[in-house]
Each structure stands twice: as C-alpha cells, then as structure tokens.
Amino acid sequence: MSAGILVDALLTGAVAAATPLLVAGLGELAAERAGVLNIGIEGLMLAGCFAAFAVTAATGNPWLGLGAAVLAAMALGGVFAVVSLTCRADQIVAGMAVNLLAVGGTGAAWRILQDRGLTDLPAGSGFTRGWTGIPALGELPVVGPLLFDQYGMTAFALVLAGVLALVRRRTRLGLVLHGVGQDPHALAASGVRVLGVRWGAVLFAAACAGLAGAYLSTMRTHAFVPLMTGGTGFVVLALVMFGRWSVGGLVVGCLLFGLAESAQQGLQSLPGARVVPHQLFQALPYLVALIALALAGRSAPGPAALGRPWPER
Amino acid sequence: MIAARTVWPALIPFAAAVAALGLILAGLTLVGYAPGEVLATAWRGLAGSPLRLGIWAQEATPLLLTGLAAGLAFRCGVLNVGTEGQYLMGAVTALAVLLALPPSVLSPWLAALAGAGAGALWCALAYGLDRWRGVPLVLSAILLNVVAARVLGALVEGPLHDPTTAAPQSALVPEAARLGALLPGTALTLAAPLAVALAVASWLVQRQTALGFEFTVIGLNPVAGDLAGIPVESRRRLAALGSGALAGLAGAFQVAGVTWFLSGDAQSYGYAGIAVALLGRLHPLGMIPAALFFAGLDISGRQWERRLGIPHDLGDVAKGAAVALVLAAGFFRGRR
Amino acid sequence: MNGPVPPPRIAVAGVSKSYAGIPALDGVDFQVPAGVVHGILGENGAGKSTLMKILYGLVRPESGYVRVDGVDLPGGSPAAAARAGIGMVHQHFALVDDLTVVDNCILGAGRGLGLVDRAAWAARIRQFAGRLQWTIDPQARIADLGVGQRQRVEIVKALLAGGGQTRVLILDEPTAVLTPQEVDELIPALEALAAGGTTVLFISHKLHEVERLCPTVTILRRGRVVYDGPRPERDAMTRLMVGEVPPVLGLHATASPGESRLEVRNLEGGGLHDLSFTVRAGEVVAVAGVDGNGQEPLIRAILRDARAVTTPGLAPEDRLGGIRRLGLIPDDRQHEALVLPLSLRDNLVLKEHRRFPFATSWGWLRLGRWRAHAVDLLTRYGVRGGGPDTPAQDLSGGNQQKVVIARELHRNPGLIIAVNPTRGLDLAASADVLRALAAARDAGAAVLLIHHDLEELLAVADRVLVLFGGRIREAPSRERSAIAGLMLGSPTP
C-alpha cells in the first residue's frame, strides 16, 4: 500500500465522517444564532436516521426516505419548540426530553420493523457514492476522493454552507437571526416577532438534523441499529461552539473532527492496535472535541441570549 | 390560597404521567390492542405477587438515586446532564473494587464508596472544564457521558474481561462480595431502603437546613444570593460533587447488588434520572413516585413485549412524553 | 387662509387601555399639528409609556383611535405605524451592540429578508445625518459608540424607516442618559426636523428641557389628560404633573454627625479616579450623577474592596450578608435583592437564615421563627398585597421595595447603602422610601444614597457629592442649579 493511497483513504474517510456533522451543524448554527440551544439534536438525528431507513426499506425509494427523515425530525423539533419556545421551559431540559422521546420512539418502531422483516434495505435502494454519476470525476487527484467519490450529501452540505455564509453576511435574514440571538429586546422593539424567528430556526435545524441522520442510515451505512447516532449530535453542539458560531469555523471544525474519526478508524486497523481496546479509539474523537473546546477557552462568548427564553418574564 | 398554590402544581406530574400513559394506550388501541388487557398485563407484571413488587422496587432504586443526583444539581442551578457518565464510572469503579478486593461483607460498601467517589470525580471533571476552561457544563458533561461509555466498554473488554467467554462482558463479582437480597428471588437489596432514606434526607436538607435554603436561593437567583453573602461558587461546587457522588452510588449499587457484572451494552439510568428529577419537579420525595412510574414503565414494557408482542421501548416514549408535558405545563422555566 | 383646514398631523381620541383591570390610560384625547415639537409630560406610571406603545403600534388600545393626517392607524402593528410615517426612538435603545450602524439601520428600518446593499444604506445614513448637521460613521460598531452617538443612530434609523417621509417622530425620555453637551446638540436637530415638517413628540419629565423645546404640551396624570395646550409656567406644570401630593422636602438631619462608618480613600479602577469620601453616623451622604458616570464600580468597591474602602467596625467579608451592620438596597430589587419565586417569609429571612434565632448553630432551620418574623415585619413596614406565604413576584413594585427595606433596615444597621431606591415607584411609595431612610439616619445610621433623581436626593441629603466621569466632588451647597451643573461636568462655580 503506497502512502498516497493511505492519505487518500484518510481524507475520503474524513470528508465522509465530516458530512453529517456539517449538515446538522449548519442547522444548529442557525438555531443557536437565533438564541436556541437544542440538545435534542441528538434525538432529531436519530429520528431522521430511523425514518430514512424505514421508509427506504418499505418503499425501496431512498428519496422518499430522505423526505421522511426531514419530516420526522421536524415533527420532533416541533415538540421541542412548543416546550422550550412557546411554553418557555428551560431549553436544555426540553432537549433532554426530546432525546428520550427519540430513543423510545425509534426503539419501538424498530421492533415493529423487525416484526415485518424490514431490517435490510432492498438491494440497490440505498444511495451510492459518486453522486455526479460520472465515475471519471472520482478518479481525479485530490478533489476526486474529497468531493466526487462521496455521497451527494457532501456536495449538498458544501452548498448549504455557502448559502448560509451568504445569508449571514449579505441578507437581512442573517441580521435578523443574529439580532434575535444577541438582543431580542432590540428586535422586538423594532417589530420583529422574536418567537416566530426562533420557531423557524428550530424547524430548519431539525430538518438539517434529519438529513444528517438519513446520511448515517441510507448513505454511509445501509443499515439501522438502535442508538446508532451514539453521541454524534452532542459532537455537533461542541463543533458549533468550537467554530465560534461562524460557518467557516464550523467547516474547519467538522473537517478536523472527521480527520480524527478517520484516523481513529485507520489506527484501529493497524496490526499492532489489537492490544488497545477499540472503544478507546472510539472515545478519541470525543476527547479531541473536549480538549479542543478546553483549549479554545472563554474567548468566544457566543450569542448573548443563547439558551434564554423569550419573553423573559 | 395555600391549597391552590401548593397542591395544584404537585398534581401536575401525576396528570402528566396519566396523560402520557393514556397517549400510549390510545395508540395501542388504535392499532388493535385491547386497552384493558394491556393495563391488566402491566398490573400483573408490577404487583401480581410480593415477588413482583420487590422487582418493581428494585428497578426503581437506581432511578431514584440518579434522580436525586440530577435534582440536587438542578436545584442549585448546576445543569449536570452528565449523570449518565457519572453512573457508568461509578458502576465500573465499583466493579473493579469488587473484583480486586478479597470478598467480604464489607466489599459492597467499599465498592459503593469507591463508586460514589468516581461519580463525584467525573462530575468534578465536567464542572472544572466549565469553571476553569469555559467549556459550558452542558457540553462537557454530555461529551464525558459518551467518553464514559467507551471507557467502560474498554475496561470490560480489557482488564475486567471475563476470560471464560468471548462476549464483551466483565467477570462476575464473587458471591461473597455481593450485596445480599432482602427478598429471595429478587435483587431487592439494602440499596432500596437506603435510596428512600437518601430521598428523605435530601428533602430534610432542602427544607430544614441553611445549606438547602442556600441551594434553593442560588438556583433561583444567584445574584441575590451573592449579595446576601452566600458563597455561590463553593455551594455550586458542593452540589456538583454531591450530584456526581449520588449518580456514582447508583451505578455501584447496581453492580454490587443487581447485575454482578457489566457489559458494553447501552444503559440509560443516568439519562432517565434527569427525567425522574423533572417529573418529580425536583422535589426529593416527589422523585419516589416518579422513579416508581419510570420503573413501572420499564417492567410493563417488558411484559407487553413478552406477552402481547408490543415493543418495550414504548415505555421510553411514555417517559419522554410525561417529561415534555410537565415542562409544557410551566415547570422549570428557562432563566435569564 | 385658503382651502379647507388640514386635519391635525396626529389625533388621539378616547384612547383607553388597562392592564389586569387597572386603567393605564383612560379616555386620552389630544391633537398635534404638523411641524411642531410637542411635549408629553407625566410622572412615572402616568401612562406615558403605554401611550407611546399605542402610537407605535406595539399595543392595541381597548377603545378610541389614533389618526395620522386624518387616516386611522390600525392598532397593534408596528409595521403599519411605520408605514403611516411614525418613527420611534426608545428610551432603551433598540440597537444590537455587536453589529455596525449600517446593519442596525437595515435591521430596524429595512423590509423583507433578502439581500442587502450596505453601500446604498450607508449613503442614506450619511445623507439623513447630514440634514441634522451630524456625522455618523456607518461602519462603526454600536458597542464602540458613546450614548449620544447611539441616540443619533436611533434617530436616523427611525427617520430611515419613514423613508424620508417621517410624519411623527416619537422620542421617549431622550435625554435621560445624555450629557449636557449632548442635550445641547440634540435640541437644534429636533428643531430642524420640526422645521422640515415632521412633528416631534418629546416625552419627558425634565421640565427645564421641555421649557427649552416645546411650545405646547400635553400633561398626563394617572392615565388621564389633565392639561393640553400652550406650555404653562414651571410651577403650574409641576402641580399638574404631581397633583396635590405634597412633595417630600426638608428631611434633613438636626443633630451633627457622629463617628465615621464608611471611608473611601483614593479609590481607583473600573473607570474611577482617586475617589475619597467619608460617611458618618447620623448623616445622609448622597451621590448625585447621571447614570453611567461610575456608579456601578463605586458600589462594587464599597461592597467588596478591602483596601481602598474601610468600614470601621465591620470586616470586609461581612459586608455582604451582615445586615446587622450593613443594610443594602440595591438598584434592581427584582434581580439583586429578592428571590421572586420564593415566599415573603423566605425573602425576609434571607441574609439572616444562618443566624440565631432563625437557625440552630448546626444550620437547622427554625421555620416557626421565620414565619413569626415575617408576620411582624409585614405589619411593621405596612407591606400590602400578600402574607408570609405569598411569592415575592406577586407584589407590586412599591410593596416589593418595602419588603427589601424591611429586611435591610429592621436590624438598625450602622451603615446603609441605597441605590436608586425609588426607581419605578409612584410618588407616594417614593416618599415612604425616602422617609424610611431619613428615619434610619435619625436613629443614628450612616446612609450613603446613590440616586439618579436630583429632586428626591435633595429632599433627604445632608451632604451632596457629585459623580461625573469617574471623579467625585463635594457640592458646595444644596443649591439645585449648582449641583445640576456639576452633574453635567461644568467646573466648580
């Protein structure tokens, strides 16, 4: 095996691992900009993960699965919004409740799926790599493995990142989102409906989380396992903070984390790695996230009204 | 006036529990199950015999302990959502102690101590990252949950692995080192009365001591607490350590008295504890029925699955729904 | 005269609004023609802010109507108010600190959610500011601007929202936070606006500014219009605003001050420069000054600084919580003094909860004592609206402040620090607070009163210090105009 192939594999793996983080992270970034911290993103991803798999398994059409993932995550995101925005409960505990709902709901529905024998995707129904349909593009050096020998979700994530960066810098929507998370009083005084904006941001974040979940179950793997998100959503929260609530920072954070994940898998497959239990390797990316946050320190305060209910009293 | 203020909010969790259960029943009725049969199955599973009652109490014990853990921290304004990781670290530390020390009557209690210490340390790690490195407690705690699960997995397959099997599980705690059952045929141990005693003690501390009053004040308004001369930081630290210790204790008792070994499989007593605390409205005595409700759902879920073919995870849905309803009813408002 | 008489620029007729059954506005009528600066006057709680919210569409009136140039203004919609040409400058600026001027203007005055053309907006900002003889840097971040500049941004933003067609510009207490120079510069700008045909509604309770600016006024008291017409003389205006409640005056000490209870020596830092003063037993030392001139760091130092600040007979670590020696009435009672969801019983014992007789030496609470204590204090201090079990949040502002005063003063502490203790209270409640402070002083306490309201401050102060730009100066006398001059930074006369 030449070093070049190894590096290619490492980078391909990194981009593949970074993609769901970026998609979900962009949604969460928008929500946090608007002042909403949704710990339930883990549960939303799980819901998307399951819905995409179940609908694809039942219909054989992965696009329907993708739609189902978005709808399921948005429905659950709506529950979060009702509890935390409309009823003004603490956002963190509301997110925990959403996670519980998602774990229970997907677990129960998985049993039903098992009973019906729908535990595998029909052959050829999952998404495949090389989204352009032109295999030659995947052969290109560097950009081939990074961009073209990936699922369409990767391209979508990059486009979404570009759109969000544009929205943030160049549109009034971006200013409204920023203002609602920074100083909702000022926005309300100018006649902006703060709750409406937050609802919109939460639903958008939910849709993104649903897509990220679908990526896990109908693209990266063609399978569903209960609890298969396994903390990915929490990593997304860490990455949004690590990227200091900017699109560029998030992209960098996702790539770094994807690299750690990819390297971790690479290390595991090394001949001498057997002596170390593979769980320790699996813990590595989470430790990396923690250490990165600890090193980044307090320098990034984030949206001033993050996590606070509106209206305050 | 007093009645309206204190009695009515206390009823909300019960109403939420009933509503959540009703939701599940309605769903099951829609897909063709007889609600009467579903309920009867649950009831037989829970209270059909003294043995069943014992199992119910046994299942509620770790939930009550992790609930008390979350409640203690939340009341003081420390959002310790890391009870899961603290529970796991408590469990695995206790297991290590039980396997390493020569078995004796004292073993389970030493293990409990070690577990509580490990839980407190794991919480201190999260709290310290928040305090000194600016990583929000919510994030540090929740990431450490994931790390704890992996560390446990590694230990179970590594140093603590049962050499007689290829399955990813630890060796068995020797019989002499286990916490004895109070009721033959169940794993109901002294942990259960101890948990109830801890709930009562928490309630007394909260209601009748200056420390408990200070916790409450800080949780509701840290600025006023500070200006009233309460050492806010040290009180919060104390609540965080106590919370971690309680969660670790839950894990330790579970290993010493109920499971006697650990596997890499997912557990969720720590997460469920947060839900128990919220459903009990952070009231230590309110957490007793809340823990029983959650344990009841777990047991009923398994009964439903075995006898009626209903997925047991529906119990988890009911838990989430109950908590969401309590929150939606205006409990635990976000703070400014 | 030729042609029909045009309708008034703004007409308010029969407007009423009540909150929880208590009328905030009760049949308010008045009219203002185009191109004038018109004053709307009233005490706190007279209904000024409710009226403003109705004019700007944030609140819908229960009855009556508002017309702009004869056209009905649909209630409850800030967007409709903006379309009708009404601009609003809030007392608390509606600006997002970490955004630039141009972004704030796009947020506050723009429409839709689409792409923005910052260069065009910046040009318009410069143009609108230029008309008022102002220069504003559109690229500046709000956080880097002073209060006066921020207000200019607010005004320009309001004008931009009207697209140059602003018919009515409402300014809510615009001078509350400004320095005298800034006020001097604001006034010609408003006159220029009026000359250009915009009607300016100037909401204030500062009579000398109203005298400089407003030829006509509407005076509100308890939700009703008590006067509408040409501006009366100052005494008449005061009487109309305040009614027949006698002003609290002359609560001064009769005995000479005793030993020193609070000594501040060469206090530096946090924007303070070499502050020194002493407060003695039996005197009220008042610190006058416009908010933001160093009040916050001064209070922080008095409560926590162990070096530059000494409190004879009271260890620094006991300043907080030791209410037998130091009574503290902080600025924001709801956020700093009370725990709103807790009962009055708990709030009244807070700070003493570890002490005998409220707890044993082991920290075991004796709740029976708590209750008796609460009942006693609630009666003694005349707190209305709740008993020992009532949550503090259910009380009115005045009664909440009585609870704070009861807790902080009932032990007759030797030193009392009070910060804006009448903020947001009506006249009767304010008078009660000032009398309580004077009574404590007469009983031998040293009182440091840091207060934004000069009239009230003069009513109880035995000595007046003036805080300006982080420096403190002793006023040579209690003469109002001299102190006002010092507050605004003028050199000693």
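Just so it is clear, none of the values below were taken in a lab; they were calculated from the coordinates. All figures in this text were calculated on a predicted structure; none of them were measured in a lab. Cβ atoms come from the backbone with ideal geometry, glycine included; neighbour counts cover every protein chain shown.
Numerical summary
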| quantity | calculated |
| --- | --- |
| Inter-site label distance for residue A:170 and residue A:5 at 7 Å from Cα along Cβ, in nm | 4.3 nm |
| DSSP-loop GluC sites (Glu not before Pro) across the stretch C:208-240, with at most 16 other Cβ within 10 angstrom | C:233 |
| Two-decimal log10 I(q)/I(0) for the stretch A:3-229, as the Debye equation yields it once each C-alpha is a single scatterer, q = 0.11, 0.14 Å⁻¹ | -0.59, -0.89 |
| Top of A:48, A:191, A:25 by mean-square fluctuation, Gaussian network on chain A, Cα under 10 Å | A:191 |
| Modelled label reach - residue A:156, point 7 Å along Cα→Cβ, the stretch A:36-58 residues with backbone N closer than 17 Å | A:44-57 |
| Relative contact order (%) - the stretch A:3-229, alpha-carbon pairs under 8 angstrom, separation at least six | 42 percent |
| Chain A: angle of helix A:62-81 to the longest principal axis, Cα-based, in degrees nearest 10 | 30 degrees |
| Theoretical FRET efficiency, 1/(1+(r/R0)^6), r = Cβ-Cβ of residue C:234 and residue C:367, R0 45 Å, to 0.05 | 0.25 |
| Three-way shape call for the stretch B:96-225 based on the alpha-carbon gyration tensor, with the a/c threshold at 1.5 | oblate |
| Separation of the residue C:226 and residue C:144 label points, Cα + 7 Å toward Cβ, nm | 4.8 nm |
| Order of C:256, B:268 - criterion: other Cβ atoms within 10 Å of each residue's Cβ, fewest first | C:256, B:268 |
| Likely footprinting exposure, B:312, C:451, C:273, fewest C-beta neighbours within 10 Å first | C:273, B:312, C:451 |
| Debye log10 I(q)/I(0) at q = 0.09, 0.13, 0.15, 0.17 Å⁻¹ for the stretch C:260-487, Cα point scatterers | -0.36, -0.75, -0.99, -1.23 |
| FRET E, pair residue A:116, residue B:172, Förster distance 30 Å, beta-carbon r, rounded to 0.05 | 0.20 |
| Efficiency of FRET from Cβ geometry, residue A:123 and residue C:123, R₀ 45 Å, rounded to 0.05 | 0.10 |
| Percent of C-alpha pairs per 20 Å bin, chain C, short to long | 21, 49, 27, 3, 0 |
| Approximate spin-label separation residue C:18-residue B:133, in nm, with each point projected 7 Å along Cα-to-Cβ | 6.0 nm |
| Filter on C:206/C:402; C:17/C:402; C:48/C:206 - keep pairs with C-alpha separation over 24 Å | C:206/C:402; C:17/C:402 |
| Burial ordering of A:257, C:30, fewest other beta-carbon atoms within 10 Å first | C:30, A:257 |
| Extension reserve of the residue C:265-residue C:318 stretch, reckoned as 0.36 nm per residue once the Cα distance is removed | 17.1 nm |
| Estimated [θ] at 222 nm from DSSP helical runs (n ≥ 4, -39500 (n - 2.57)) normalised by residues in chain C, nearest 500 | -9500 deg cm²/dmol |
| Placed amide H near residue C:261: partners under 5 Å, 5+ positions off or other chain | C:279, C:280, C:281 |
| Rg(Cα) / (2.2 N^0.38 Å) computed for the protein assembly as shown, rounded to two decimals | 1.04 |
| The stretch C:260-487: relative contact order as a whole-number percent, Cα under 8 Å and 6+ apart | 31 percent |
| Dmax and Rg, reported as Rg then Dmax, of the stretch B:161-263 (C-alpha, Å) | 19.6, 61 |
| Cross-link reach list, aspartates and glutamates versus residue C:351, counting only Cα pairs under 14 Å and skipping chain neighbours closer than eight places | B:214, B:226, C:317, C:318, C:336, C:408 |
| Amide proton proximity set for residue C:416, modelled H, under 5 Å, gap of 5+ | C:327, C:446, C:447, C:448 |
| Chain A - mean residue ellipticity at 222 nm from DSSP helices (-39,500 (n - 2.57) per run, n ≥ 4, rounded to 500) | -22500 deg cm²/dmol |
| Paramagnetic reach from residue C:34 (point 7 Å along Cα→Cβ, amide N under 17 Å) across the stretch C:190-204 | C:192-201 |
| Theoretical ellipticity at 222 nm over chain B - DSSP helices of four or more residues, -39500 (n - 2.57) apiece, nearest 500 | -23500 deg cm²/dmol |
| Computed magnitude of the charge dipole of the protein assembly as shown (debye, nearest 20; Cβ of K, R +1, Cβ of D, E -1) | 980 debye |
| The stretch A:80-146-the stretch B:4-61 distance, computed between alpha-carbon centres (Å) | 31 Å |
